Amino acid sequence: MPQLKVLISGAGIAGNALALLLAKLGHSVTVVERFPLLRTNGLQVDLRGHGIEILKRMGLEPAFRTKLCPEQGTQMVDRSGKRRGFFPANTSGEGPQSFTTEYEIMRGDFCRIMYDANKDRVKYVFGTWIESFEQLDNHVDVIFSNGQSEQYDLLVGADGVGSQTRKMLIGGPRPGAKDPTHPLGDQYVCYFTLPWPMKEDEEFIATVYMAPGKRGVMTRRQNPNQLQIYLGGSSDSKLLKAARGDVEKEKQAIAEIFQGAGWRTGEMIKSLPDAKDFYCERLAMIKLDSWRKGSVALVGDAAYCPSVQSGMGTSSSLIGAYILAGEIGRACGEANAESPSSQNTKNAVETALRAYESKFKPFMKDIQRGVKEESGMYPESQFGITLMNYATQLASLFKVDIARWMMDIKEDVKGWKLPLYEELE
Ligand SMILES: Cc1cc2nc3c(=O)[nH]c(=O)nc-3n(C[C@H](O)[C@H](O)[C@H](O)COP(=O)(O)OP(=O)(O)OC[C@H]3O[C@@H](n4cnc5c(N)ncnc54)[C@H](O)[C@@H]3O)c2cc1C
């Protein structure tokens, strides 16, 4: 099998997963990450459907299990904190996951597990990014932010929802070109943690509270000392719109939006200035006609971000990385039979990228199709919330999975089969 020289931009979930799989196939892999060190921020992420199967095929399940969040389920509460419904995690190993899955982990722990598995066979370059690249006859010529340049057989952009690789690949905004970023109305989620120790009677349960004015709160715990707080909703607040990327202004806008929201939001807003890991995301999906050009491809959120609303961000970044690596293994294996040449390598790469796109795109299209682009899950009025609380009570009584009802979680796509790549076994 020809050994490819591969550059991956982004050491997040997709970048680390792809690096692991390509290194396993014996390719020479470099990961370039804009952040000065492994970026381990982020709160709880989960795996569902085929994402779980890929974790197993990557051989990472035992390490993942040592870092599992101990969450037992999800409860909905009303303004007074009274429980209106409880939905336990499905730990039976059968059927779809609940809102709390059997595979909950802190994003940073998952990145670290993959990084630790890779660090001896993958080259990581932190604090550096791609300034520009050009497709030459048989290689991609890359110029880095430190002024150095290098040629690669394959370049993969795994640099997240705001991917620079994607922008360079599609050539920036052109007149008449469709913007691949599809905002989900005015929906946002802010993530942060506070050092709030657990109360004596408290359990490891995700708690969801809805407030009028399209506002929602969720709290979770990965340990007894820290509370994860998620403040989300849909708002056309001018302050929030103007504050994009300015953490202090974002905090100010969120404090204003959640004023008088009820339940424990008063305490949360009071402590918000102290939150060191505050991160505000405007919900969006990425929809591209193509995820590749020549020897350059995109994977994960950079290519097909399904948004947090789909519950499939982490799983689909793993599945995409697996299919991309599998197709490279397959095409390079076949290329071996012919005479080894640069042209031959390039053809193998292009064949693999074509197959990756044609096999995985139908899956992602269907996952994204299930996500409501405008309305979101937040009721406007107290009446809407009262109805939601009754519905929650009924759902809990009849054990109906509320995650599918409130969010747009679709773990699987009917008729789509996860390929098995013997090269990666
Ligand atoms: C800091 C952070 C916190 C997050 N927190 C949550 C969370 O709490 N819950 C949740 O559901 N999802 C969260 N996400 C998103 C989640 O990780 C992704 O939706 C999903 O796992 C897909 O992963 P990805 O690898 O495609 O993208 P990401 O996980 O976003 O990783 C992209 C990586 O690329 C790097 N990068 C960006 N631009 C460049 C560049 N120009 N050159 C080189 N590297 C670059 C980033 O620093 C990051 O390390 C977070 C993402 C980040 C970056």
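The values are calculated or read from the model by the stated rules, or taken from the named source; none is laboratory data. What you are looking at is a predicted structure, and each value in this text was computed from that prediction instead of being measured. Positions of Cβ are backbone-derived with ideal geometry, glycine not excepted, and every protein chain shown enters the neighbour counts. Ligands, DNA and RNA are stripped out before the accessible areas are found, and what is left, the full protein with its side chains, is counted by its heavy atoms. Shrake-Rupley method; radii C 1.70, N 1.55, O 1.52, S 1.80 Å.
Using only the Cα atoms of the stretch 116-230, build the gyration tensor, take square roots of its eigenvalues as a ≥ b ≥ c, and label the shape rounded, prolate or oblate: rounded if a/c is under 1.5, else prolate if a/b is larger than b/c, else oblate.
Oblate shape, in that a/c is at least 1.5 and b/c is the bigger or equal ratio.
Could you go through the stretch 229-246 in sequence order and give the Karplus-derived ³J(HN,Hα) for each residue, using 6.51 cos²θ - 1.76 cosθ + 1.60 with θ = phi - 60°, rounded to whole Hz, and x for Gly and Pro?
10, 10, 10, x, x, 10, 8, 9, 3, 5, 4, 5, 5, 6, 7, 2, x, 9
Restricting to Cα atoms and excluding each atom paired with itself, what does the Kirkwood estimate give for the chain in Å?
Mean inverse Cα-Cα distance, inverted, gives 22.5 Å.
In Å, what Kirkwood hydrodynamic radius results for the stretch 1-77 from the alpha-carbon pair distances?
Taking the inverse mean of 1/r over all distinct Cα pairs, the stretch 1-77 comes out at 14.8 Å.
Which order, highest average first, do 202-209, 314-321, 270-277 follow once you tally other Cβ atoms within 10 Å for each residue and take the mean per peptide?
Going by the mean number of other Cβ atoms within 10 Å, highest first, we get 314-321, 202-209, 270-277.
Sort 102-110, 242-250 by packing, meaning the average of other beta carbons within 10 Å per residue, with the highest value first.
102-110, 242-250
About its Cα centre, how strong a charge dipole does the chain have in debye, to the nearest 20, once Lys and Arg get +1 and Asp and Glu get -1 at the Cβ?
Approximately 660 debye in magnitude.
When the Kirkwood radius is taken over all Cα pairs of the stretch 20-62, what Stokes-Einstein diffusion coefficient follows at 37 °C and 0.692 mPa s, in µm²/s?
Answer, rounded: 252 µm²/s.
Measure nothing fancy, just the Cα-based angle from helix 107-118's long axis to the longest principal axis of the chain, in degrees from 0 to 90, nearest 10.
The angle comes out near 20 degrees.
Given that compact globular proteins tend to follow 2.2 N^0.38 Å, what is the ratio of the alpha-carbon Rg of the stretch 178-232 to that value?
1.46
For Glu281, enumerate residues with amide H under 5 Å from its amide H, sequence gap 5+ or separate chain, H modeled in the peptide plane.
Val189, Cys190, Tyr191
Assuming a viscosity of 1.002 mPa s and a temperature of 20 °C, what translational diffusion coefficient in µm² per second does Stokes-Einstein assign to the stretch 222-289, Rh being the Kirkwood radius over Cα pairs?
Translational diffusion coefficient: 159 µm²/s.
Just check the stretch 99-166 against the gyration tensor rule for me: Cα atoms, a ≥ b ≥ c as the square roots of the eigenvalues, rounded for a/c under 1.5, and otherwise prolate or oblate depending on whether a/b exceeds b/c.
Cα axes put the stretch 99-166 in the prolate bin.
Using θ = phi - 60° and the Karplus curve 6.51 cos²θ - 1.76 cosθ + 1.60, what whole-Hz ³J(HN,Hα) does each residue of the stretch 414-423 get, with Gly and Pro shown as x?
Values, residue by residue: 4, x, 9, 10, 5, x, 10, 10, 4, 4 Hz.
At 0.36 nm per residue, minus the direct Cα-Cα distance, what do Asp141 and Leu387 gain on full extension? Give it in nm, one decimal, please.
Working it through step by step, the gained length comes to 82.7 nm.
Rounded to the nearest 20 Debye, what is the dipole magnitude of the stretch 22-93 about its Cα centre when Lys and Arg each give +1 and Asp and Glu each give -1 at the C-beta?
Dipole size: approximately 160 debye.
Report, ordered by chain and residue number, the aspartates and glutamates lying within cross-link reach of Lys24, taken as a straight Cα distance under 15 Å and ignoring same-chain residues fewer than 8 apart.
Asp116, Asp120, Glu327, Glu422, Glu423, Glu425
What residues qualify as long-range amide H neighbours of Ser98, i.e. H under 5 Å apart, gap of 5 or more or another chain, H built at 1.01 Å from N?
Answer set, sorted by chain and number: Asn90.
I'd like the distance separating the alpha-carbon centroids of the stretch 247-265 and the stretch 377-425, in whole Å.
27 Å
Could you work out how far apart the two model spin labels at Leu239 and Lys365 are, taking each label as a point 7 Å from the Cα in the direction of the beta carbon, and quote it in nm?
It works out to 4.4 nm between the two label points.
Using only the heavy atoms of the protein chains and a 1.4 Å probe, how would Tyr390, Tyr421 rank by accessible area, largest first?
From most exposed to least exposed: Tyr390, Tyr421.
Subtract the Cα-Cα distance of Glu134 and Ser358 from 0.36 nm times their separation in residues, and report this length gain in nm to one decimal.
Extending this stretch completely gives an extra 78.2 nm.
Show me, for the stretch 360-374, the HN-Hα J-couplings you get by feeding each phi into the Karplus relation (A = 6.51, B = -1.76, C = 1.60, θ = phi - 60°), rounded to Hz, glycine and proline as x.
Calculated HN-Hα couplings, in order: 9, 4, x, 5, 5, 4, 5, 4, 5, 4, x, 8, 6, 7, 10 Hz.
Along each of the three principal axes of the Cα atoms of the stretch 295-425, give the extent in whole Å, ordering the values from largest to smallest.
71, 27, 19
With all distinct Cα pairs included, what does the Kirkwood hydrodynamic radius of the stretch 168-294 come out to in Å, to one decimal, could you say?
Averaging 1/r across every pair of different Cα atoms and inverting gives 16.5 Å.
Could you tell me the relative contact order of the stretch 74-138? Use alpha-carbon pairs under 8 Å, at least six residues apart, and round to a whole percent.
That works out to 17 percent.
Please give the helix 382-397 orientation as an angle from the longest Cα principal axis of the chain, in degrees from 0 to 90, rounded to the nearest 10.
The helix 382-397 is inclined about 70 degrees to the chain.
At a threshold of 8 angstrom on Cα-Cα distance, excluding pairs fewer than six apart, so keeping six or more, what relative contact order does the chain reach in percent?
22 percent
Counting only heavy atoms of protein chains, what accessible area per residue, in Å², does the stretch 138-270 have with a probe of 1.4 Å?
Value returned for the stretch 138-270: 47 Å² of accessible area per residue.
Of the heavy-atom accessible surface of the chain (probe 1.4 angstrom), what whole percent is carbon and sulfur?
With neighbouring chains kept in place, the figure for the chain is 51 percent.
Using just the helices of the chain, give the 222 nm mean residue ellipticity in deg cm²/dmol: DSSP H runs with n ≥ 4 each add -39,500 (n - 2.57), and the total is spread over all residues, rounded to 500.
Dividing the helical sum by the residues of the chain leaves -10000 deg cm²/dmol.
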